[in-house]
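What follows is a short report on a single structure.
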């Protein structure tokens, strides 16, 4: 079902503009296209919380656990 949703989303994505003559570098993709690629590439991680109830939906817990150590580094002048 997840892959069906991604396939349908791929059809609805705006087309990537063609590279113009004389233009250098990569062609910028839309935010929607970048999100679609990320969801497709990390399918296992995106759906892990649905398969395993012990896995949290977000990583807020990990970020909160690191916050105090970052505050200590900043106060002591080690954080730049």
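Worth pointing out:
- Ordering 40, 72 from the fewest to the most neighbouring beta carbons within 10 Å gives 72, 40.
- Placing dummy labels 7 Å off each Cα toward the beta-carbon, the span from residue 58 to residue 29 is 2.6 nm.
- Inverse of mean 1/r across different Cα pairs in the chain, Kirkwood, Å: 16.7 Å
- Springs between Cα atoms under 10 Å define the GNM used for the chain, and in it the highest mean-square fluctuation of 66, 13, 39 occurs at 66.
Each value in this text was obtained by applying a stated rule to the coordinates, not by laboratory testing. Because the structure is predicted, anything quoted here is derived from the model rather than measured. All Cβ positions, even for glycine, are placed from backbone atoms using ideal geometry, and neighbour counts span all protein chains on display.
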